[in-house]
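First the structure, in the form of structure tokens, and then the observations on it.
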Amino acid sequence: MANTRLKFVDYGMIVIGVLLAFIASFEPQAAPGYYLHAGILAVGLLPYFVYSLAVALKSGALVTLHGIVVLIIHAWMIDAVRFMAQPDYSVSLLVYGPLVLSLALIPLVILALRQPWGLQESS
């Protein structure tokens, strides 16, 4: 039962991460309106794609903890660039940050691949 709840939390974090990536991809313009950067959207979705591989293969508190950390760091990066930055809107943190987060999640996916499809280790 606890693993089922953790799965719902994990999938909810993926949905929130997709929304964060979508928010990060909009750049305010001088004229009223916004410009959607498809590249920033694709790079912003990358950590949640890697995380979804780990969620599909493994369940547990370790996966949920990684998801929470990734979500908090990504939200902080978006806040620092889009809402707190000067008007020049340097987007390098929005590009390189998710790439680093994706690389940091690769060991979790490798660990999840050792126990395929959420099977528990036999004692």
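Between Leu46 and Tyr34, full extension at 0.36 nm per residue minus the direct alpha carbon distance yields a gain of 2.1 nm. Computed on region 14-67, the Cα convex hull volume stands at 69 Å³ per residue. Helix-only arithmetic for the chain: the sum of -39500 (n - 2.57) across DSSP H runs with n ≥ 4, divided by the residue total, places the mean residue ellipticity at 222 nm at -23500 deg cm²/dmol. Taken per residue, the accessible surface of the chain reaches 61 Å², heavy atoms only and a 1.4 Å probe. Debye calculation, C-alpha points only, no solvent: report log10 I(q)/I(0) for the chain at q = 0.10, 0.14, 0.15, 0.17 Å⁻¹, in the same order as the q values. Once normalised to I(0) and log-transformed, intensities are -0.35, -0.61, -0.67, -0.81. Of all accessible surface on the chain at a 1.4 Å probe, what whole percent is carbon and sulfur? Percent of accessible area from carbon and sulfur atoms in the chain: 73.
The values are calculated or read from the model by the stated rules, or taken from the named source; none is laboratory data. Everything quoted here is computed from the prediction, not taken from an experiment. Just so you know, the surface numbers come from the protein's heavy atoms only, side chains and all, with ligands and any DNA or RNA stripped out. Shrake-Rupley method; radii C 1.70, N 1.55, O 1.52, S 1.80 Å.
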